[in-house]
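Working notes for the structure below.
We did not get these values from a lab; they are worked out from the coordinates using the rules stated. Everything numeric in this text was worked out from a predicted model, so none of it was measured. For neighbour counting, all protein chains shown are included, and Cβ atoms are generated from backbone atoms with ideal geometry for every residue, glycine included.
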Amino acid sequence: MNDGRVSRGGPLFRDFANVWTPVAFGSSLPRDRPVQLTVAGTSLALFRDESGVPAALIDRCPHRGAALSLGRLEGGRVQCPYHGWTFDRAGRCVHVPWNPGVKRASLGTLAVPTREFGGYVWIYTSVSMEPIAPPTLDDSLLGRDVRLTGIELRWQAHWTRAMENMLDAPHLPFVHRATIGKEWVPLAGQRMDSAIEDHPWGWRVRNVLNGAPRPGMLDFRWPNQMNLHIPMRRRALTLAVTCVPIDERRTRLLLVTARDFARLPLLDWLFNRFNRRVANEDRAIVESSFPSEIPPARAEMSVRTDAVTLRFRTSYFARLKDSSSGLPAPGPAPMGAAGGG
Ligand code: FES
Ligand SMILES: [Fe+2]
């Protein structure tokens, strides 16, 4: 995990503020050092505290602006690589070398609410607000009898283009004619509709061909997850994709398969290889889309079968575009203390 970037100034989590998002797999976050991760243009130092619970600090030391992610972990606290100021998971300054008696209460930094849940590390994209509820996942990813396996990919694309791609059915027989779109190839002359059902977490889509619903369903979970429930006889197979914004031109894709059959870990690579292949079919096309970020609906031509992506587009512009988490005014206490697991 390293996005090769340290903090910039200005608002944090631009166009992606005040939402829960998975940012990485829990298995990829080590216990012995902080790692750097950029989410929506905001560089974070991600680490595990003394109990192993993930925590995230804005990756900029309040002393001279060094990247905390280059520092070390001392008892589950991050020690800045420059002068050794040390911060706990809530951003409180717990040690300032050479300065016994200094008033550390005013020397804190900014923490971001963080959780580990369902195999992911999550953050809430704010330094000034606490989330009103914990993150949620579809039940198909949480069952005891379910084997989860996942891979991480990076696309040179704005996350909104990647997200729309995950919600878009009409491209299947064109982009995926040799894989998941094969059975759609002879059907493209027919009429496709989308039956959309609203839920508290987002919406569920069933494709309808010539008035007859197709098996399988696709869930969009606000703001950036797609769960595809693949039809199988008496078996459950779900593909879950999260599109995590890195910055204006890069997206981290977390692709997870959940299955209640063939649960041997030895078989994980088969599912991961297939997901990688299918995602690679989309990649060049999504990366080629211009402009990189989705424009307002009117700026592109659309037809009836774009209803699902247009719905996403409307939500994005209404709820995320132009959002940010501002740096709070300097004060005695650090804001946005991170919660525990
Ligand atoms: S820059 Fe972090 S301790 Fe000086
Ligand atoms: Fe695709």
Can you find, among Phe271, Trp155, Trp203, the residue sitting farthest towards the positive end of the charge dipole of the chain, where Lys and Arg contribute +1 and Asp and Glu -1 at Cβ? Phe271
Mind putting a number on the dipole of region 8-155 about its Cα centre? Charges go on the C-beta only, +1 for Lys and Arg and -1 for Asp and Glu, and I need it in Debye to the nearest 20. 560
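Exposure proxy check: Glu293, Glu164, Glu130 ranked by fewest other beta carbons within 10 Å? Mind dumping the intermediate values first?
Working: Glu293 17, Glu164 21, Glu130 12.
Ascending number of Cβ neighbours within 10 Å: Glu130, Glu293, Glu164.
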From the residues Val35, Ser302, Leu167, which one has its Cα farthest along the dipole of the chain in the positive direction, the dipole being from +1 and -1 charges on Cβ of Lys/Arg and Asp/Glu about the Cα centre? Val35
Taking Cα pairs closer than 8 Å and at least 6 residues apart, the relative contact order of the chain in percent is 23
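Sorting Lys182, Lys321 on the 10 Å Cβ count, fewest up front, what's the list? Mind showing how you got there, number by number?
Numbers: Lys182 12, Lys321 16.
Lowest to highest Cβ neighbour count: Lys182, Lys321.
Let me know the charge dipole size of region 139-319 about its Cα centre in debye, to the nearest 20, where only the beta-carbon of Lys, Arg (+1) and Asp, Glu (-1) is charged.
On the way: 28 positive and 20 negative charges, 95 e Å.
Once rounded to the nearest 20, the dipole reads 460 debye.
Neighbouring Cβ atoms within 10 Å as the yardstick, rank Phe25, Phe312 fewest first.
Values: Phe25 19, Phe312 23.
The order, fewest Cβ neighbours first, is Phe25, Phe312.
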To the nearest 20 Debye, how big is the dipole of the chain about its Cα centre, given +1 on the beta carbon of each Lys and Arg and -1 on that of each Asp and Glu? 380
Show me, for region 300-307, the HN-Hα J-couplings you get by feeding each phi into the Karplus relation (A = 6.51, B = -1.76, C = 1.60, θ = phi - 60°), rounded to Hz, glycine and proline as x. 10, 7, 9, 10, 3, 6, 8, 4
Please name which of Ala188, Asn227, Phe261 has its Cα lying farthest along the dipole of region 139-319 towards the positive end, using unit charges on Cβ (Lys, Arg +1; Asp, Glu -1) and the Cα centre as origin. Phe261
What ³J(HN,Hα) values, in whole Hz, does the Karplus curve 6.51 cos²θ - 1.76 cosθ + 1.60 give for region 153-159 when θ = phi - 60°, with x put for Gly and Pro? 10, 10, 10, 8, 7, 5, 4
